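**Student:** Sending over a structure as structure tokens; questions will come in a sec.
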Amino acid sequence: MMRKVRKAVFPVAGLGTRFLPATKAIPKEMLTVVDKPVIQYVVDEAREAGIEHFIFVTGRNKAVIEDHFDVQFELYDTLAQRGKSDQLSRLQRLQPSPGQTSFTRQQVPLGLGHAVWCARELVGDEPFALLLPDMIMQSEKSCMRDMVELYEQTGNNIIAVQECDPAEAHKYGIVGRGETTHTGFRITGMVEKPKPGTAPSNLYINGRYILQPEIFSILESQEKGAGNEIQLTDAMLRLEKRQPFYGYHYQGRTFDCGSPEGFIEANVAFALWRKDLNQGMAGVIRGLLDDYEPLLHRARG
């Protein structure tokens, strides 16, 4: 019988060096897009997909992430006493239930594959979702929810992909596209950062996966790859020889909040997405474009 996807892994041990000095004491996952930390968007996406257990693979100086998903008694009490029921209700809706969150340490920075392997005991012998916290999605229906539905149709490994400029394919992990199946397609191959002109398609892996637990035994013996790290893609290539992989072609927008450009873009896009903010934001953006037009013109030229 097909096992339900109940657990999700969030690798949040990265140092966030591209955002220094902001991330010297604050985890990059706690930087805010409008009024929510980046990690909250990713957890909300998993929750919408029916995930019941949220597993965070953390590192040093990441305790504030655990605090964020804990009950803040003093804050809740203060909001209640001051009659701020809307703010209190919102915080309570975002609050995981007791026992829904687990935290484990990635004690050495050996890459994404190693971070996933660190969650093996908490995941156990179950399929699980993997959501990279740098990538946040914007769509009416969550990316992971659609992926879970495809998993329920196929019972196999699922990878979310999106189109990129073919000239940029060498910057990403790229998949080969096979026959269409249900709401996805059979993946015929994967390659990490292919040489220019050799990519099997322009479909890049956008940071969302559903993986079978057999990946852990492969990661156990996985040799270091690019960057002298244990690469998840290398392990998936080995697993692909035993089990099928399917692609889900996500049609929404993905923002790479691990880069300053993507982070700024996400703030603007999500502010405009919000009905309570979009009218005011439109005016702000128009004003900024007028004020900074000379600089933009110089950048274009």
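**Student:** Just the accessible area per residue of the chain, please: how many Å² with a 1.4 Å probe?
**Tutor:** 53
**Student:** Before anything else, pin down the relative contact order of the range 64-186: Cα pairs under 8 Å, at least 6 apart, normalised by residue count, whole percent.
**Tutor:** Relative contact order comes out at 13 percent.
**Student:** Need the full-extension length gain, L15 to S217, defined as separation in residues times 0.36 nm minus the C-alpha distance. One decimal, nm.
**Tutor:** That pair, L15 and S217, stretches by 70.0 nm at full extension.
**Student:** Grab the Cα-Cα distance for H170 and R253, subtract it from 0.36 nm times how many residues apart they are, and report the gain in nm with one decimal.
**Tutor:** This chain segment gains 27.8 nm when fully extended.
**Student:** For the chain, calculate the relative contact order in percent as a whole number, restricting contacts to Cα pairs under 8 Å that are 6 or more residues apart.
**Tutor:** It comes to 21 percent, rounded to a whole number.
**Student:** On the accessible surface of the range 191-265, probed at 1.4 Å, how many percent belong to carbon and sulfur atoms?
**Tutor:** Taking all protein chains in place, the range 191-265 shows 48 percent carbon and sulfur surface.
**Student:** Taking all protein chains together and a probe of 1.4 Å, list D35, D146 from the most accessible to the least accessible.
**Tutor:** Heavy-atom accessible area, descending, gives D35, D146.
**Student:** Shifting gears a bit: Determine the relative contact order of the range 162-242: mean sequence separation of Cα pairs under 8 Å and six or more apart, normalised by residue count, in whole percent.
**Tutor:** Relative contact order comes out at 29 percent.
**Student:** Ignoring ligands, DNA and RNA, what percent of the accessible area of the range 1-159 is carbon or sulfur (1.4 Å)?
**Tutor:** 50
**Student:** If you take the square roots of the eigenvalues of the alpha-carbon gyration tensor of the chain and sort them as a ≥ b ≥ c, do you get rounded (a/c under 1.5), prolate (a/b over b/c) or oblate?
**Tutor:** Oblate.
**Student:** Okay, moving on. Sort out for me the Cα centre separation of the range 1-77 from the range 211-235, rounded to whole Å.
**Tutor:** Cα centroid of the range 1-77 versus Cα centroid of the range 211-235: 23 Å apart.
**Student:** A follow-up question, please. Build a GNM of the chain with springs between Cα atoms under 10 Å: which of T183, T101, T17 gets the top mean-square fluctuation?
**Tutor:** T17
**Student:** Continuing with the same structure: Compute the distribution of all C-alpha to C-alpha distances in the range 14-108, in bins of 10 Å from 0, and list the percent of pairs in each, rounded to whole numbers.
**Tutor:** 14, 42, 34, 9, 0
**Student:** Mind giving me the nanometre distance, one decimal, between the label points for L94 and A22, set 7 Å out from Cα along Cα→Cβ?
**Tutor:** About 1.7 nm, to one decimal.
The values are calculated or read from the model by the stated rules, or taken from the named source; none is laboratory data. Predicted model, so just to flag it, every value in this text is computed and none were measured. Cβ: placed from backbone, ideal geometry, glycine included. Neighbour counts: every protein chain shown. With ligands, DNA and RNA removed, areas are computed over all heavy atoms of the protein, side chains included. Shrake-Rupley method; radii C 1.70, N 1.55, O 1.52, S 1.80 Å.
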